[in-house]
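To start, the structure itself, in structure tokens.
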Amino acid sequence: MTSDLAVREVASPKNSRARRSKFVSYLVLTLGAIVVLFPLYMAIVSSLLTPVQIGQQPPLFYPPSPQWRNYGDAFIGGHLSTYLWNSVLQTVEIVVGSVLTSLLAAFSFATFEFPLKKVLWALMLATLLIPFEVTIVTNYQTISSTHLLGSMWALTVPFMGSAIGIFLLRQAFLAIPGEIREATILDGCGPMRYFWRVAIPLVRPQLAAFTVIAVLGAWNQYLWPLLLTSNDEAHRTLQIGLKTLNSGTFEGYGVVLAGAMIASVPMLILMVVFNRQLVRSLTGGAIK
Amino acid sequence: MTTVRQRRSETVLALCLIAPALVLLTVFLLYPFFKNFTLFLYHAPPYPGLPSKWAGFSQFFDTISSTSFLEGLTATAIYTVLVVPIGVFLGLVLSVAAHQKLKGMAIYRTIFATTAVSSVAVAAIVFGTFMNPVLGLLPWLGIDTNPTILQNPTWAIFAMAIIGLWQFIGLSFILFSAGLQSLPEEVLEAAKLDGASPAKAFFTVTIPLLSPTIFYVFTVGVIAAMFTFGQMDLLIGPGAASAVHVNTLAYQIYQYVVTQPNPGVAACISIALFILTAIVTLANFRFLERRVNYDV
Amino acid sequence: MASVAFNHVTKKFGDTSVLNGLDLEVADGEFLVLLGPSGCGKTTALRMVAGLESPTTGTVAIGGSVVNDVAPQHRDVAMVFQNYALYPHLSVAKNIEFPLRQRDISADIRAQKVRDVAQMLGLAELLDRKPRQLSGGQRQRVALARAIVREPVCFLMDEPLSNLDATLRARTRSEIVRLQHELATTTIFVTHDQVEAMTMGDRIAVLNAGDLQQVGTPTELFENPANAFVAGFIGNPGMSLLSANASQGQLAIGGTQTPFSASGLNGAVTIGVRIDGVELSSSGIAAICDGVEVLGAEVHVLAHLGDDQIIVRQGASAPRPKIGEQIFIQLTTEPLYFDAVTGLRVSQ
Ligand SMILES: Nc1ncnc2c1ncn2[C@@H]1O[C@H](COP(=O)(O)OP(=O)(O)OP(=O)(O)O)[C@@H](O)[C@H]1O
Ligand SMILES: [Mg+2]
């Protein structure tokens with residue numbers, strides 16, 4: 001009887017407190033989610049409205065008759081199909097290039113002893129501190145002076161080396177136990193065979209993580225494509241295409257928003273599918 | 001264990017593997033970065049093709065004391081102040097709320113992460129459209145849009161900041177969630193068992209333990225904010241940016257490369273901006289170092 | 001198949017000397033155990049045979065030819081690592097096959113060899129599993145299989161049993177010995193566990209602090225330890241080492257006379273006594289009881305006299321001394337004598 005009472009005395013404030021904190025959590029999260037999603041939601045709704053409906057007072061919070069043709073107009077009239085293809089190409093080139101060069105360099109730094117290793121490593125780390133923005137003056141001149149200009153390569157080659165990639169992947173290669181490498185040596189396996197057959201499969205999680213941020217970074221690039229493709233429609237990427245679409249007068253806001261949705265869908269899918277890799281790479285080593 | 005010949009061939013292999021990355025990073029980061037330090041000594045030629053004229057350090061000091069630079073610095077600073085503290089705070093609050101084993105957390109996580117993967121162009125278009133007075137949303141909310149926000153010298157920077165903030169919340173949330181996950185569970189449990197109220201536990205346990213993460217997110221946010229110019233470019237443009245006080249330093253670099261080419265001045269601003277970020281980065285290192293010492 | 005020889009091998013890491021002139025021959029087909037306490041340089045010695053470490057001075061020879069300058073992959077030795085170093089991303093079959101793939105061997109023959117070895121080691125059912133889906137003992141067998149499938153001239157095993165539980169360890173010991181006899185491949189087996197050494201080795205090389213102490217068959221080492229270190233290290237338990245005094249044909253321990261003459265010796269001497277060479281008694285050498293270990297049929301009484309530790313056996317039913325209680329000990333067989341300073345065996 002007494003113990004029963006004691007239990008209740010202890011339990012009830014705790015329970016109600018736990019319930020209250022649960023309630024507060026949901027409240028905070030739901031409010032936050034609404035604030036975060038509202039603009040996106042409105043954008044989706046408006047991308048399905050006619051120009052007249054968009055200007056309506058009070059605003060429409062759902063599309064009464066979804067204007068799918070806005071998407072078609074964005075694709076065809078707004079040339080988004082071309083830009084989309086360019087963005088895909090650009091992303092693939094940057095990702096393949098930076099993943100490959102980073103893998104090779106990271107493996108080398110993690111595996112071999114060679115003269116100047118420390119100096120070269122310091123150089124790599126130093127590039128981590130240089131923001132791309134402060135290099136565009138010269139990079140623009142460099143690219144303009146090569147015949148890369150006017151091709152997709154101009155957009156991608158400058159990003160095919162990645163200090164972050166080298167850093168993350170070196171970390172991963174270093175985490176492979178030394179005995180595994182030694183076992184392969186005794187089994188008669190040379191360094192490159194070890195690289196392909198053993199090391200790369202073992203760093204797959206980190207490789208996936210780096211690939212995901214590389215995709216994200218390449219797809220969302222703004223400054224460099226802006227510099228190169230503002231006047232070069234043939235190589236314009238989706239992000240810059242959105243700017244063109246936005247400054248165009250004829251299309252209407254529904255079409256512009258449709259374009260924005262088209263540009264964001266691939267990354268949203270990426271995020272939902274590869275959420276874990278994304279988090280791992282965004283926090284990359286700075287936070288365990 | 002290895003003969004001299006083997007060691008030499010291994011060295012060759014090692015250097016060959018590094019070469020592609022090294023060449024790329026040197027050509028597209030190191031070289032152009034250091035090139036700034038020669039460019040900034042020369043005036044741009046009056047006409048393209050003419051030789052550049054030696055300016056010495058005066059050009060640098062002229063640039064960083066010019067009105068436009070100071071305006072750019074102010075715009076960058078205001079933008080950073082508007083975006084980063086609020087973004088850090090909101091990210092922290094949301095991540096703490098989501099750091100519980102409750103139903104539906106995965107959905108919330110996904111929602112908050114969406115903003116981190118949205119490009120600046122998408123964010124600018126989504127928000128920019130609704131800031132347009134032709135559309136119904138703002139008037140309906142009772143917000144006077146004359147002159148329109150994007151053309152308003154007082155409010156344009158806030159419009160830019162809201163876009164940046166929206167994007168930053170996602171990243172801030174992700175980083176804090178990871179930071180929370182790396183905290184020792186027992187410590188938080190212990191605080192609960194000691195009878196601390198959630199609010200008290202949050203301020204006396206979670207926040208101190210999370211302080212390195214807070215600092216890190218802060219740094220990441222500040223550096224990103226200092227290089228912002230996408231929404232300015234997309235919604236306002238190089239001509240009007242200055243008039244509405246959103247002509248950030250990063251945007252000015254772009255303008256001096258493209259719209260009014262002047263490599264010397266562009267280099268000066270690049271150097272100034274780099275020094276500012278270097279200070280932030282070093283402060284971050286110092287802080288983390290101190291924390292490590294403290295921990296051990 | 002080949003012999004392995006260390007010829008005056010020294011190894012230094014920077015300033016620390018890990019091996020001080022090791023001279024050791026392992027005969028073709030022999031099972032040699034390299035035994036010693038932690039940090040004495042066993043792994044280093046083994047890795048020098050593999051070629052993963054090179055001697056600072058001296059030579060390592062395999063099959064009679066010096067291999068100092070031969071790359072590890074050309075030495076044709078197989079190593080079983082302490083934590084097995086299995087390739088985590090490959091199935092058991094692929095792990096075993098891995099060394100074969102590096103050579104010119106057709107897929108059919110490879111598959112056949114993998115099957116044979118897997119059969120030999122009872123891994124046939126597990127060929128499709130990944131290492132993380134295996135128990136410790138199964139992983140250990142995969143590591144063995146990967147070494148065996150190569151048919152190397154020499155097996156190098158670095159404490160391959162230390163991650164197994166006691167029962168499994170005992171079973172695996174005999175299994176490895178059986179396999180080694182079947183294959184008749186020269187084997188160097190590193191361990192710090194003298195029970196493993198005694199039960200497995202054709203011969204044992206005892207190493208301490210970089211110095212080779214003694215090489216011999218388990219029986220030789222047990223019965224004729226060359227020095228006090230080997231005496232104390234070999235046997236379960238090892239010999240108890242006591243400081244004693246010999247004068248005028250009388251051996252005295254802690255001032256108490258013993259019936260033994262220590263003939264030819266004079267002055268301070270270290271004696272080694274096996275557990276069955278002493279017994280508790282109502283009078284004799286005084287010692288203080290430190291504890292009692294009950295091992296079932298018998299009981300070990302741990303005691304100290306001065307700075308020396310001693311272990312005495314007692315029947316399970318005898319009254320047990322309490323900790324801190326004074327007990328008396330008598331020697332029942334003549335002890336071994338070691339130089340009090342150098343620890344070397346003093347022959348009588
Ligand atoms: N690469 C190295 N650099 C410096 N010192 C080393 C290196 N490898 C081993 N040592 C040192 O050499 C000594 C012998 O090491 P080794 O690994 O051979 O010991 P071990 O007998 O195998 O010990 P254990 O039974 O603990 O494995 C140790 O003191 C160790 O610290
Ligand atoms: Mg060892």
(Q) Being surrounded by fewer than 21 Cβ atoms within 10 Å (Cβ to Cβ), within 16 Å of ligand 1 (Cβ to nearest atom) and within 23 Å of the chain's Cα centre (by Cα) narrows it down to one residue among C:VAL80, C:VAL9, C:VAL18; which is it? (A) C:VAL18
Q. Does C:LEU161 qualify as being within 16 Å of ligand 1 (Cβ to nearest atom), more than 14 Å from every other protein chain (Cβ to nearest Cβ) and of a type in the set (A, V, I, L, M, F, W, C)?
A. yes
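For the structure I just gave you, tell me whether C:SER38 is surrounded by 16 or more Cβ atoms within 10 Å (Cβ to Cβ), of a type in the set (Ser, Thr, Tyr) and either within 14 Å of ligand 1 (Cβ to nearest atom) or touching a residue at least 12 places away in the same chain (Cβ under 8 Å) (or both).
Numbers: surrounded by 16 or more Cβ atoms within 10 Å (Cβ to Cβ): no; of a type in the set (Ser, Thr, Tyr): yes; either within 14 Å of ligand 1 (Cβ to nearest atom) or touching a residue at least 12 places away in the same chain (Cβ under 8 Å) (or both): yes.
Here the answer is no, as C:SER38 does not meet what is asked.
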Q | Residue check for C:VAL149: away from ligand 2 (no atom under 16 Å from the Cβ), of a type outside the set (S, T, N, Q), assigned by TED's automatic domain parsing to the domain that holds C:HIS74 and crowded, with 21+ Cβ neighbours inside 10 Å | A | yes
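With respect to C:ARG110, is the statement that it is touching an Asp or Glu at 6+ places or on another chain (Cβ under 9 Å) and among the charged types (D, E, K, R) true? Walk me through it before giving the result.
Numbers: touching an Asp or Glu at 6+ places or on another chain (Cβ under 9 Å): yes; among the charged types (D, E, K, R): yes.
So C:ARG110 passes the test.
Could we say that C:GLU53 is surrounded by 15 or more Cβ atoms within 10 Å (Cβ to Cβ), touching a strand residue (DSSP E or B) at 6+ places or on another chain (Cβ under 6 Å), assigned by TED's automatic domain parsing to the domain that holds C:PRO160 and not hydrophobic (A, V, I, L, M, F, W, C) here? Steps first, please.
Details: surrounded by 15 or more Cβ atoms within 10 Å (Cβ to Cβ): yes; touching a strand residue (DSSP E or B) at 6+ places or on another chain (Cβ under 6 Å): no; assigned by TED's automatic domain parsing to the domain that holds C:PRO160: yes; not hydrophobic (A, V, I, L, M, F, W, C): yes.
When the stated conditions are applied, C:GLU53 does not pass them.
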Q.
Please list, ordered by residue number, the helices (runs of 4 or more DSSP H) wholly in the stretch B:192-252 having 3 or more residues that are closer than 26 Å to B:ALA178 by Cβ and either modelled with pLDDT of 90 or more or more than 11 Å from chain A (Cβ to nearest Cβ) (or both).
A. B:207-226
Q) Any idea which residue in the stretch C:195-219 is nearest to ligand 2 (Cβ to nearest atom), counting only those that are in contact with a helix residue (DSSP H, G or I) (Cβ under 6 Å, 6 or more places away or on another chain) and among the polar types (S, T, N, Q)? A) C:ASN208
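Please find, within the stretch C:119-130, the residue that is farthest from the other protein chains (Cβ to nearest Cβ) out of those that are assigned to a helix (DSSP H, G or I) and more than 28 Å from the chain's Cα centre (by Cα).
Going through the qualifying residues, I end up with C:GLU125.
Among the residues that make up the stretch A:224-234, is at least one of them closer than 21 Å to C:LYS130 by Cβ, more than 12 Å from chain B (Cβ to nearest Cβ), assigned to a helix (DSSP H, G or I) and at pLDDT 90 or above?
Of the residues in the stretch A:224-234, the ones closer than 21 Å to C:LYS130 by Cβ are none.
The answer is no; no qualifying residue exists.
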**Q.** Single unsatisfied condition, A:LEU169 versus (1) more than 8 Å from every other protein chain (Cβ to nearest Cβ); (2) not in a helix (DSSP H, G or I)
**A.** (2)
Q: Could you tell me whether the stretch C:307-329 includes any residue that is crowded, with 17+ Cβ neighbours inside 10 Å and of a type in the set (Gly, Ala, Ser)?
A: no
Q) Restricting to helices (runs of 4 or more DSSP H) lying wholly in the stretch B:54-157: which have 1 or more residues that are within 21 Å of the chain's Cα centre (by Cα) and buried (at least 23 other Cβ atoms within 10 Å of the Cβ)? A) B:67-98, B:105-117, B:120-130
Q. Tell me, which strands (runs of 3 or more DSSP E) lie completely within the stretch C:17-95 with 3 or more residues that are within 16 Å of ligand 2 (Cβ to nearest atom)?
A. C:31-35
Q. Out of the stretch A:134-166, which residues are more than 11 Å from chain B (Cβ to nearest Cβ) and part of a loop (DSSP other than H, G, I, E, B)?
A. A:SER145, A:HIS147, A:LEU148, A:LEU149, A:GLY150, A:SER151
Q | Complete set of residues in the stretch A:54-84 that are part of a loop (DSSP other than H, G, I, E, B), of a type in the set (A, V, I, L, M) and farther than 30 Å from A:ALA234 by Cβ | A | A:LEU60
Q) Among the listed residues B:ALA75, B:ALA19, which satisfies the condition of being on the phi < 0 side of the Ramachandran plot and in contact with a His (Cβ under 7 Å, 6 or more places away or on another chain)? A) B:ALA75
Q. From the residues in the stretch C:182-193 that are in contact (Cβ under 8 Å) with a residue 60 or more places away in the chain and away from ligand 2 (no atom under 16 Å from the Cβ), which one is farthest from the other protein chains (Cβ to nearest Cβ)?
A. C:ALA184
Q.
Anything in the stretch A:57-90 that is surrounded by 23 or more Cβ atoms within 10 Å (Cβ to Cβ) and either of a type in the set (Ser, Thr, Tyr) or over 25 Å from B:VAL122 (Cβ atoms) (or both)? List them, or say none.
A. A:TYR83, A:SER87
Q. Being more than 12 Å from ligand 1 (Cβ to nearest atom), more than 21 Å from C:ILE176 (Cβ to Cβ) and among the charged types (D, E, K, R), is that true of even one residue in the stretch C:48-57?
A. no
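Report yes if C:GLU196 is of a type in the set (Asp, Glu) and touching a residue at least 60 places away in the same chain (Cβ under 8 Å), otherwise no. Working first, answer last.
Working: of a type in the set (Asp, Glu): yes; touching a residue at least 60 places away in the same chain (Cβ under 8 Å): yes.
Here the answer is yes, as C:GLU196 does meet what is asked.
So which residues in the stretch C:137-174 are part of a helix (DSSP H, G or I), among the small types (Gly, Ala, Ser) and under 13 Å from C:PHE81 (Cα atoms), if there are any at all? Steps first, please.
We begin by selecting, within the stretch C:137-174, every residue part of a helix (DSSP H, G or I); these are C:137-148, C:166-174.
Within this subset, residues satisfying the condition of being among the small types (Gly, Ala, Ser) are C:137, C:143, C:145, C:147, C:166, C:170, C:174.
Selection gives C:ALA143, C:ALA145, C:ALA147.
Which members of the stretch C:194-211 meet the condition of being within 14 Å of ligand 1 (Cβ to nearest atom), of a type in the set (Asp, Glu) and either surrounded by 17 or more Cβ atoms within 10 Å (Cβ to Cβ) or not assigned by TED's automatic domain parsing to the domain that holds C:MET120 (or both)? Write out each step before concluding.
Filtering the stretch C:194-211 down to residues within 14 Å of ligand 1 (Cβ to nearest atom) leaves C:194, C:196-197, C:205-211.
Add one more test, that the residue is of a type in the set (Asp, Glu), and what stays is C:196, C:211.
Hit for the stretch C:194-211 is C:GLU196, nothing else.
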Q: With respect to B:PRO46, determine if the residue is modelled with pLDDT under 80, within 35 Å of the chain's Cα centre (by Cα) and more than 13 Å from chain A (Cβ to nearest Cβ).
A: yes
Q) Limited to the stretch A:97-145, what total is found for residues that are surrounded by fewer than 17 Cβ atoms within 10 Å (Cβ to Cβ) and of a type in the set (Gly, Ala, Ser)? A) 4
Q. Consider C:ARG178 against the criteria (1) surrounded by 18 or more Cβ atoms within 10 Å (Cβ to Cβ); (2) more than 14 Å from the chain's Cα centre (by Cα); (3) away from ligand 2 (no atom under 16 Å from the Cβ): it satisfies all of them except one. Which criterion is unmet?
A. (1)
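The values are calculated or read from the model by the stated rules, or taken from the named source; none is laboratory data. Since the structure is predicted, the reported quantities are computational estimates derived from the model, not experimental observations. When we count neighbours, we look across all protein chains shown, and the Cβ atoms used for this are built from the backbone with ideal geometry, even at glycine.
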